[in-house]
Amino acid sequence: MTNDTTITPDMLTVPRKVPDYGGKTNIVGLTRDALKAALVEMGTPEKQVKMRLGQIWQWVYQWGVRDFHLMTNLSKAYRAELDEAFVIAIPELVSKQVSEDGTRKYLVRIAGGHEVEIVYIPEETRGTLCISSQVGCTLTCSFCHTGTQKLVRNLTAGEIIGQVMLARDDLDEWPAPGVSTADNGPRLLSNVVLMGMGEPLYNFNNVRDAMKIAMDGEGIALSRRRITLSTSGIVPEIAKAADEIGCLLAVSFHATTDEVRNTLVPINKKYNIETLLAALREYPRLSNSERITFEYVMIKGVNDSEEDARRLVSLIKGIPAKINLIPFNEWPGSGYERSHWKQIKKFADIVFDAGYASPIRKPRGEDIMAACGQLKSATERERKSKRQIEAEVGLGS
Ligand code: SAH
Ligand code: SF4
C-alpha cells in the first residue's frame, strides 16, 4: 500500500472558483430535489412547486431552452421572478475542430478560466459523446497525456451535464417543444462515455448528479445502458457507482501483472489487480448491468505479448466482459510506441478464441488530437512550471 502522494508527486489541485452570475444561482446541474428546494426558497408556493419543477425541468433538459422568458406555460410574472433568481448556464465554447473522419472536438472554458475538451464521435448506428469529469487528472498513468497536466480541478455537475447540452446545441438536436424525441429518428447523440479528462470516481457526487440528469426520462432521457463510466480502478467507489449510478462500467486494465500495471496505472499500487477484479465480479450483479468493458491499451513491448493475452483471459474468467483493445495513441515525449498491427491482431484473436468480444478500437480524430489519452487543455500542452500555474490561478506569491 502506498499513499496518494507517491502517486501524484507534483500535482496542484486548485480550489474550485464559484462562477459569479451576479448573485444568481445556475440551475444547470441541480438535482430535482435541489432545484425544488431552490424554487421554494425563491418563493414558489409549496402547492405549485411540483408542477413548476416539472415544467422548468422540461424546458431546460428536454427542449434545451436557456431563457426563462421563453417558458410560455409559465406566467409572465413568474418568468420574471425566475430570471431574477436564476441563470441557465453551460460551459462556454472556445473552439471547435472537425476531423476528416467527422469527429468533432470542442474546447470549452469553465469558471476560473480552465479548459476541458469534449469529443463527439459519429458512427453509422450511433453517436458517442466523450465527456470529461475533471480538468486534468491526479492519477499520473505513464502513457496518458492528460496525466501529465499538473493543474487539476473537479468539474461541477452543471459543467458535466453542460458538456452534453453544449454538444446537443452544436448538433442542433433539441426537439421543438411539443415534438416527441421519438419522432426525430435515431439520435445523433445517443451515447455518453466518461472517458475524457479525469478520473470520474474521484469526482463521484458531481458525476452521479450529472448522470442522473442525463438519464431523467423527462429530459435528455439517455438510457443507463447508453452511458459508460471509465475508471482506472478506484475500488471503494466501484460498488457505489453500481448502487447510485447504475450505468455501464469500463475499466482501464492495461496490464496483466501488478509489476507492469504499477508503472502504467500507478493507482494499482493502492488497489492491485486482485482487489480490482474482486470488485468487478460484483459490479454487474449490483447494478444489473451488462458486460464490463476492459480497456487495454496496446503498447509495443510493454503489455502486448501473447502471454499477456493468455494471462488476461485467465484473470477475468467468470466476469461477463468485453475487451476493448486500444492501439496506443502516441503523443510527444511519451516514450512509448504503438504495438504493431500484427501483434494487436494476434492478441485480439487469443482473447476472442477464449470467448470474449475483442474489438480493436479504431483511432478517431487523430488529425485533431482527439484520440483517447490525447486530451489536454491547450494551454497546458507545453509543460508549465508549478509556479506559472500558481500565478495563473492566483495562488502564487
Ligand atoms: N480516467 C479514466 C477515464 C479517462 S481515460 C480512466 O483512466 O479510465 C479513457 C481511456 O483512454 C482509458 O482507458 C485510458 O487508459 C485510455 N488512454 C489514455 N491514454 C491513452 C493513449 N495515449 N492511447 C490510448 N489510450 C489511452
Ligand atoms: Fe487519469 Fe485515466 Fe489518464 Fe490515468 S488514464 S491519468 S486515470 S485520465
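What follows draws every value from the coordinates through simple rules; no lab data is involved. None of the values given here were measured: they were computed from a predicted structure. When we count neighbours, we look across all protein chains shown, and the Cβ atoms used for this are built from the backbone with ideal geometry, even at glycine.
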Open item on the list: Roughly how far apart, in whole Å, are the Cα centres of region 309-367 and region 276-302?
Closed with: 13 Å
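Hey, what's the per residue convex hull volume over the C-alpha atoms of the chain, in cubic angstrom?
Numbers: hull volume 58.6 nm³, N = 397.
Dividing the Cα hull volume of the chain by its residues yields 148 Å³.
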Open item on the list: Using the Karplus curve 6.51 cos²θ - 1.76 cosθ + 1.60 with θ = phi - 60°, what ³J(HN,Hα) values do you get for each residue of region 274-286, in whole Hz, with x for Gly and Pro?
Closed with: 5, 5, 5, 5, 4, 5, 5, 4, 7, 4, x, 5, 6
Open item on the list: Using alpha carbons only, how many angstrom separate the centre of region 23-45 from the centre of region 56-120?
Closed with: 17 Å
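Report D for region 21-87 in µm² per second (integer): Stokes-Einstein, Kirkwood Rh on Cα pairs, 20 °C, 1.002 mPa s.
Values: Rh = 11.9 Å.
Answer, rounded: 180 µm²/s.
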TODO: List the residues whose amide H sits under 5 Å from the amide H of I326, counting only those 5 or more places along or on another chain, with H placed 1.01 Å from N in the peptide plane.
DONE: Y296, V297, M298, R361
Task: Equivalent ellipsoid, region 242-356 (semi-axes from 5 times Cα gyration tensor eigenvalues, Å) - done: 24, 17, 13
Task: 22 Å Cα-Cα reach of K300 towards lysines, excluding residues that sit fewer than 8 places from it in its own chain - done: K322, K342, K345, K346, K362
Task: Around G318: net Lys/Arg minus Asp/Glu count, Cβ-Cβ under 13 Å - done: +3
- [ ] Averaged over every viewing direction, what's the projected area of the C-alpha convex hull for region 99-210? Give it in nm², one decimal, please.
- [x] 8.2 nm²
Task: Amide H contacts under 5 Å for A321, placed H, 5+ residues apart - done: I292
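For every other residue with a beta carbon closer than 12 angstrom to the beta carbon of Y78, add +1 if it is Lys or Arg and -1 if Asp or Glu, then tell me the sum. Write down the numbers at each step before the final one.
On the way: positive: R52, K76, R79; negative: E81, D83, E84.
So the environment of Y78 carries a net charge of 0.
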TODO: List every residue whose amide H lies under 5 Å from the amide H of G127, counting only residues 5 or more places away in sequence or on a different chain, with H placed 1.01 Å from N in the peptide plane.
DONE: S190, N191
Task: ³J(HN,Hα), Karplus 6.51/-1.76/1.60, whole Hz, each residue of region 230-236, x for Gly, Pro - done: 9, 10, 7, x, 7, 3, x
Open item on the list: From the phi angles alone, apply the Karplus equation (6.51, -1.76, 1.60; θ = phi - 60°) to region 189-200 and give each ³J(HN,Hα) in whole Hz, x where the residue is Gly or Pro.
Closed with: 9, 9, 9, 10, 10, 8, 10, x, 7, x, 9, x
- [ ] Give, rounded to the nearest 20 debye, the magnitude of the charge dipole that the chain has about its Cα centre when Lys and Arg contribute +1 at Cβ and Asp and Glu contribute -1 at Cβ.
- [x] 360 debye
